[in-house]
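Remarks on the structure that follows.
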Amino acid sequence: MEFLPQIAFLIIVATASFFLYKRITRIRMNIFLGKPSGRTDRTSERWKTMLLVAFGQQKMFKRIIPAFLHFLIYAGFLVINLEVLEFVIDGLAGTHRIFAPYLGDFYTVLINVFEFLAVAVLFSCFAFLIRRNVMKIKRFSGEEMRKWPTLDANLILVIEIILMFAILTMNATDMLIQGQDDHYAQTGTFFFSSFLIPLFEGMSVSTLIFVERFAWWFHIVGILGFAIYVTYSKHLHIAMAFPNTWYSNLEEKGKIENMPVVTNEVKMMLGMPAEGSNEPPAEIARFGAKDVNDLSWVNIMNAYSCTECGRCTSQCPANMTGKKLSPRKIMMATRDRAEEVGASLAKGGKGLEDGKSLLGDYITKEEINACTSCNACVEACPINIDPLSIILEMRRYVSMEESAAPASWNGMFQNIETSFSPWKFAPTDRFNWAEDLNKESK
Amino acid sequence: MSDQQLSVPTMAQMTAKGESPEVLFWVGCAGSFDDRYKKVTLAFIKILNKVGISYAVLGEEETCTGDPARRAGNEFLFQMQAIANIQVLDGYNVKKIVTACPHCFNTLKNEYPELGGNYEVIHHSTFLQQLINEGKVGLKGGGEFKGKKITYHDSCYLGRANNIYDAPREVLEALDAELVEMKRCRTKGLCCGAGGAQMFKDAEPGDKEVNIERTEEALDTGANIIAAGCPFCMTMMRDGVKSKEKEDTVAVMDLAELIAKNEGL
Ligand code: SF4
Ligand code: SF4
């Protein structure tokens, strides 16, 4: 029975890995419901963008308070993961604090650093809970933030708090046990967890061992559970922010992506030689986007990366003047729809053919029509998400496939077609302004 | 100024004479038809004449760049316009284009190359900034605008879309005026509400118009002049100022108009 904990550990890790693997595969499939993107050029610029924006948190620092708090959690997350490595080795090998004898005094320093970060994470998580629930910061509310998104945000913070307390409890009890049970290595004093020692003093060694083991198991199982939970949560950004920034749009923000299929048709209409015009026309499923599969996979990856922070929506002129449009909601709807389609396909269901679609069932025309294409959302997003691109693709669908653009836009189209100006003026009057100039000079 | 200096040369005339101008002034639909923005066109023409740059316009041969069509989702119409315009531009062997409209600027500069139209495109704010740097206009000291409070409204299609934030401000600084920034400026600038083809339809239901929100912010600075570098922004801000009944005390002016006035043109 000596190996029982190790076997249990192995089973838990294996089960968690299995679920994690399945979830990652599913998300990958959902993302690749989208069309190819071609964003593999300019690789050195892409690495640089990723390093600056995701790793270096560049855009976060536009708002200094949340940036600072977020940075503490982020640094804590990166560094405390090193400790998890020891957890896994200990769990599999049945050892206890395997690094301690090798690292000696340095181990004490290292764990003290971890503890400092754990406390920093605790501090930030409490601060974030207060910002969300007491200070009622406006961008955390909004139509799309009811129920699950709000619960999700709070759950993440609470789970992180509990996990950090587990580490500190474990270290505190460990210090008390050391010297009483020789399985427990001498580690020196840990500054922060020492403050918890009074809670446990006077307990018997066996109780202490129980508490220490409980905290240990709780922490590692908690982390594994959290890892799975993250894949269902906006917290997925901890992983997705990296690829998401790598595949950033590197063009000028004002540039709308071209549609080469249209170019070919237009050139043929104008009697110009079109590229590849001898080849049979490529199969065009649809102009613009009605559903997630009409978007590019980068659009869907954007949706899976969205942290629901609402910086986009808080800068959106349409949203701030009470219109229905919220760029954050565009991203959340895209993710929800991709999840729905993916879940249906996995069950052998109808998938995209379920009679629903992103435009219509998740996002309304009223929303997309309100966008001024001002790029404030794109600029505001700390991880380079582009809600505007989805909005424009849906406008293309409405305009070209359904011919259902708002009436005054159709009028504008007609004016351009017939008078070559969005306003109904005679093309021959276009140069009349110069007459005024001549008059004026006389 | 004599008539001769002021008659505006067209590409067709120039080509007939066997000349080719250094730069094409792309007037844009607003600059050609909008009564208010026609004044900006004229102001810019006066500046071009004054500094003696060889330029021409397309006149009746110019047509909409297609920007509002593309942004409203009509890619066919956009490309029809773009390809037709490129044929005209290439026909005249145009190399360099200056325009006072950020929407034309953005489309010509960023969206035409993929359809085969490659030109050096500059917005008139950058162009004016260059003239100032070269000492050709501006900085008379104690001019018309000395000590006046001016606030600049960032056009989305210049700022966020193309990262042009400094040129318009440097133009204003050359006026020796007091430049006051709005709360939301530069990367955080607030849209006037007209971009993305919104100019051509009513806003969706909401509790406020975007231009009112923006105008309130501009008025909060206490500026006497709201400077703009975009025909749509100008219309929206003017409407906003009117609805606040401030048109007697607060003027909405284009960068080119400010420079022209400062030069006594
Ligand atoms: S681009 Fe559209 S969605 Fe984004 S902030 Fe501007 S108006 Fe809102
Ligand atoms: S799109 Fe970006 S800015 Fe908007 S909520 Fe998501 S993460 Fe935040």
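Numbers for the structure displayed
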item	result
Net charge dipole size for chain B [Lys, Arg +1 and Asp, Glu -1 on Cβ; Debye, nearest 20]	400 debye
Computed [θ] at 222 nm, helices only, for the protein assembly as shown once each DSSP H run of length n ≥ 4 contributes -39500 (n - 2.57)	-16500 deg cm²/dmol
For segment A:232-245, 3J(HN,Hα) per residue [Karplus equation, 6.51 cos²θ - 1.76 cosθ + 1.60, θ = phi - 60°, Hz, x = Gly/Pro]	9, 10, 4, 5, 4, 4, 4, 9, 6, 4, 6, x, 4, 6
Whole-percent carbon and sulfur share, accessible surface of segment B:1-106, 1.4 Å	48 percent
Long-range amide H partners of B:Ala177 with built H, under 5 Å	B:Gly147
Global geometry of segment A:25-104, whether rounded, prolate or oblate, following the gyration tensor of its Cα atoms and the 1.5 cut on a/c	oblate
Residue mean of other protein chain beta carbons inside 10 Å, B:55-61	3
Cα shape, the protein assembly as shown, gyration tensor, a/c 1.5 rule	prolate
Exercise: per-residue mean of other protein chain Cβ atoms within 10 Å, B:103-113	3
Rounded accessible area per residue of the protein assembly as shown, 1.4 Å, Å²	43 Å²
Interface area, B with A, accessible, probe 1.4 Å, both sides summed, Å² nearest 100	6200 Å²
Segment A:72-200, accessible surface, carbon-and-sulfur percent (1.4 angstrom probe)	72 percent
Charge-dipole axis of segment A:269-371 as Lys and Arg at +1 and Asp and Glu at -1 on Cβ define it, positive-most pick from A:Met272, A:Asn369, A:Gly349	A:Asn369
Dipole of chain B, positive direction: furthest Cα of B:Ser7, B:Leu265, B:Leu190, with charges on the beta-carbon	B:Leu265
Over segment A:166-296, relative contact order from alpha-carbon pairs under 8 Å, at least 6 apart, %	19 percent
Sequence-distant residues sharing a close amide H with A:Ser296 (under 5 Å, placed H)	A:Lys35
For residues of A:285-291, the mean tally of beta carbons on other chains within 10 Å	1
Packing rank of B:79-88, A:23-32, where each peptide gets the mean count of other beta carbons within 10 Å, highest leading	B:79-88, A:23-32
Packing-based order for B:12-24, B:66-78, A:103-115, using average beta carbon neighbours within 10 Å, highest first	B:66-78, A:103-115, B:12-24
Percent carbon-and-sulfur accessible area, segment B:161-228, ignoring ligands, DNA and RNA, probe 1.4 Å	41 percent
Filter on B:Lys109/B:Lys244; A:Lys59/A:Lys323; A:Lys324/B:Lys146; A:Lys267/A:Lys324; A:Lys253/B:Lys201; B:Lys39/B:Lys96 - keep pairs with C-alpha separation over 32 Å	B:Lys109/B:Lys244; A:Lys324/B:Lys146; A:Lys267/A:Lys324
Relative contact order [Cα under 8 Å, 6+ residues apart], chain B, whole percent	19 percent
Percentage relative contact order, segment A:93-185, counting C-alpha pairs under 8 Å, at least six apart	43 percent
Packing-based order for A:208-218, A:3-13, using average beta carbon neighbours within 10 Å, highest first	A:208-218, A:3-13
Label-to-label distance, nm, for residues given as A:Thr418 and B:Arg36 (7 Å Cα→Cβ offset)	2.7 nm
Length added when fully stretched, A:Phe106-A:Thr43, from 0.36 nm per residue minus Cα-Cα	18.8 nm
Between helix A:205-230 and chain A: long-axis angle, C-alpha atoms, 0 to 90°, nearest 10	10 degrees
Relative frequency of Cα-Cα separations exceeding 29 Å in chain B, percent	30 percent
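The values are calculated or read from the model by the stated rules, or taken from the named source; none is laboratory data. Treat the numbers as computed from the prediction; the structure is a model and nothing was measured. Neighbour counts are summed over all protein chains in view; Cβ atoms, including those assigned to glycine, are modelled from backbone coordinates with ideal geometry. Ligands, DNA and RNA are excluded from the accessible area calculation, which covers all protein heavy atoms including side chains. Shrake-Rupley method; radii C 1.70, N 1.55, O 1.52, S 1.80 Å.
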